[in-house]
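Novice: Sharing a structure below in structure tokens format, with a few things to ask.
Read-outs throughout are calculated quantities, based only on the coordinates presented, and are distinct from any laboratory measurement. Nothing here was measured: the structure is a model prediction, and the numbers come from that model. Every residue, glycine as well, gets a Cβ built from its backbone with ideal geometry; the counts of neighbours run over all protein chains shown.
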Amino acid sequence: MDGQFTPPQGNREALTHQERDLLENTVLPTARRWVQKYPGLADHGRQTLAYWGEDVRSGGAA
């Protein structure tokens, strides 16, 4: 063990259609906006994007 925490990954396949719609049309765009425009929320935005397997570096889609 190297002492690094590896967060779990979100499973989009386990979401209902309504939950996936909310994720893709509200949650992820909001997280991207936080990374790009709000330094105080950027870490949370990056964590959210990483959890769902999105490209964290650019704040964009994977």
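Novice: Rounded to whole Å and sorted largest first, list the principal axis extents of the Cα atoms in the chain.
Specialist: Computed over the Cα atoms, the extents are 37, 32, 18 Å.
Novice: Quick one: which residues, 5+ away or cross-chain, put their amide H under 5 Å from the amide H of G53? H built at 1.01 Å from N.
Specialist: G10
Novice: Another one. Pick out, in residue order, every one of the trypsin sites (Lys or Arg not before Pro) in the stretch 12-62 that is DSSP loop and has at most 14 other C-beta atoms within 10 Å; say none if there are none.
Specialist: In loop regions of the stretch 12-62 (DSSP not H, G, I, E or B), the sparsely surrounded trypsin sites (Lys or Arg not before Pro) are R57.
Novice: State, to one decimal in nm, how far the label point of E24 lies from the label point of Q9, with both points 7 Å from Cα in the Cβ direction.
Specialist: Spacing of the two 7 Å Cα→Cβ label points: 1.8 nm.
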